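Peer 1: The structure that follows is given in the form of structure tokens.
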Amino acid sequence: MDGWTPDSWTSKPIKQDVVYDDPQGLQSALGKLRTLPPLVTTQEIANLKKNLRNVALGKAFVLQGGDCAELFDYCNQDMIEAKVKLLLQMSLVLIWGANRPVVRIARIAGQFAKPRSNPMEVVDGVEMPSFRGDNINSFPATPESRKPDPSRLVSAYFHSATTLNYMRASLSSGLADLHSPLDWGLGHVITPSIKEKYERIVSQVKDSLRFMQTVGIDTDRGVETVDIYTSHEGLLLEYEQSLTRLLKTPTTSSTITEHHPTHPIATGTTTSQPKSHYATSAHFLWIGDRTRQLDGAHVEFFRGIANPIGIKIGPSMTPDELIRLLDVVNPAREIGKVTLISRYGAGKIAQYLPGHIAAVQESGHLPVWQCDPMHGNTQSTPSGVKTRHFSDILSELKQALEIHRAAGSFLGGMHLELTGEAVTECVGGAAGLTEEGLGERYTTFCDPRLNEKQALELAFLVAGFYREMDEMDDLNTI
């Protein structure tokens, strides 16, 4: 690749960088990371790329969700299982509604760092660094706790590895077995209408599985387990570079363009397997809205890795800039290589999304379009508490579906900040959470998340939108 190396980003201007007072400690931490094994494999990354290609072609739907900012303390059995089960529940509902396979990507096992508007803040009259995430500094509001600590980079690796290990073990042990979806306890979801709808869908799935068993086609282990891929914002480039490896590209049917009598595969001879640079900290990384400068360090790093990548786009992104950015990070125009994660806000999406869609269609790029209805809808209560209104989140998702449909495009997924815990951070939903009730269990260390009840309700409503659209299409073909 033209002029690219894993460290070529260091020659570019960078946003959201971290300044450490201990350069020797930083180099020691990065040196340790370079010796540790990859967190994910190239085959897993290749499988995700294949799935995202299907999403871009309108053959699948992607559900991406998890914490705004993970804490090291979230690395425990109950919290990991709660997130996994919630994604499984939501994906089951979306499969039923959209009538497509669902690709599950969790914001987990690495979503520690967070961009901040200001690197410093004043707490009780004392100026100190802002909390940047558990892999950078600590949340307690003291100058010493907020001091960036490079040893936390190594801690982030091991917390990611432990979380990922338990996820894989749980899934391979039957946590996602569709033979018993009711074992995915509804937890805090006590709203009768949601519980009734979910149980009705579960009943339909179980009827289908019984039919498969009866006719003897229940032999695919796909009904017993699923893939859940990991993702995070690729914010700390020192960390990402240290876990970037030059590895063999997995051989798939799509990498062999033809078979010929003189082809080395046909004659039994071998050929060297190509290698690519993979960011092995996660299957999927994205560039944030604050770090997507065309001449910046993050874009430079991302253009060279073989992983599927995401780009957050908002009102400040011009159509021309979007196309130039796609040309830089995906010059080969690989289908589904890039996921465009739109985050405009319910009141602005109609103004900006149509122009972005039209520009991409004209350019010939075919990305995955994903709606992030969270970040553009953040607001503060009169008392200064950050929250999001469920109605705004739902409105942006519905508008995104309608705008893509009208443009002959396909909304391939949604990107949510959520938790499997019974938190009280977002206002609204069937349970009617009000601003006065936010203090009951407001535990986020960054942005407000949907709780389990709200997230599952959102999945039902989005599934309903897809069902209605399919029914309209059927009527129009009569």
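Peer 1: Looking at (1) under 30 Å from residue 366 (Cα atoms); (2) open to solvent by 30 Å² or more (accessible area, probe 1.4 Å); (3) part of a loop (DSSP other than H, G, I, E, B), which one does residue 116 not meet, given that it meets all the others?
Peer 2: Going through (1) under 30 Å from residue 366 (Cα atoms); (2) open to solvent by 30 Å² or more (accessible area, probe 1.4 Å); (3) part of a loop (DSSP other than H, G, I, E, B) one by one, residue 116 breaks only (1).
Peer 1: Here is a further query. Given the options 178, 153, 186, 182, name the one that is at pLDDT below 90 and either under 23 Å from residue 230 (Cα atoms) or polar (S, T, N, Q) (or both).
Peer 2: Of 178, 153, 186, 182, the one residue that is at pLDDT below 90 and either under 23 Å from residue 230 (Cα atoms) or polar (S, T, N, Q) (or both) is 178.
Peer 1: Of all residues in the range 340-358, which are in a loop (DSSP other than H, G, I, E, B) and either under 23 Å from the mean Cα position of the chain (by Cα) or crowded, with 21+ Cβ neighbours inside 10 Å (or both)?
Peer 2: Scanning the range 340-358 gives 343, 344, 345, 346, 348.
Peer 1: OK, next. Among the candidates 438, 394, 416, 456, which residue alone is outside any loop (DSSP other than H, G, I, E, B), open to solvent by 10 Å² or more (accessible area, probe 1.4 Å) and within 27 Å of residue 70 (Cα to Cα)?
Peer 2: On inspection, the qualifying residue turns out to be 394.
Peer 1: Next question, about the same structure. Which residue is surrounded by the most Cβ atoms within 10 Å (Cβ to Cβ), if the candidates are limited to the range 137-154 and must be in contact with an Asp or Glu (Cβ under 8 Å, 6 or more places away or on another chain) and assigned to a helix (DSSP H, G or I)?
Peer 2: 153
Peer 1: Out of 361, 370, report the one residue that is out of contact with any Leu (no Cβ under 6 Å at 6 or more places or on another chain) and assigned to a helix (DSSP H, G or I).
Peer 2: Unique residue meeting the criteria: 361.
Peer 1: Something else now. Being surrounded by 15 or more Cβ atoms within 10 Å (Cβ to Cβ), of a type in the set (Phe, Trp, Tyr) and touching a His at 6+ places or on another chain (Cβ under 9 Å), is that true of even one residue in the range 82-97?
Peer 2: No; the residues of the range 82-97 include none that is surrounded by 15 or more Cβ atoms within 10 Å (Cβ to Cβ), of a type in the set (Phe, Trp, Tyr) and touching a His at 6+ places or on another chain (Cβ under 9 Å).
Peer 1: Let me confirm something: among 10, 42, which residue is of a type in the set (Ser, Thr, Tyr), open to solvent by less than 70 Å² (accessible area, probe 1.4 Å) and touching a residue at least 40 places away in the same chain (Cβ under 8 Å)?
Peer 2: On inspection, the qualifying residue turns out to be 42.
Peer 1: Within the bounds of the range 95-108, is there any residue that is at pLDDT below 95 and within 14 Å of the chain's Cα centre (by Cα)?
Peer 2: For the range 95-108, residues at pLDDT below 95 and within 14 Å of the chain's Cα centre (by Cα): present.
The values are calculated or read from the model by the stated rules, or taken from the named source; none is laboratory data. On a predicted model such as this, the values are computed, not experimentally measured, just so you know. Here the Cβ is made from the backbone with ideal geometry for all residues, glycine too, and neighbour counts use every protein chain on show. Quick note on the areas: whole protein, heavy atoms, side chains included, nothing else; ligands and nucleic acids left out. Shrake-Rupley method; radii C 1.70, N 1.55, O 1.52, S 1.80 Å.
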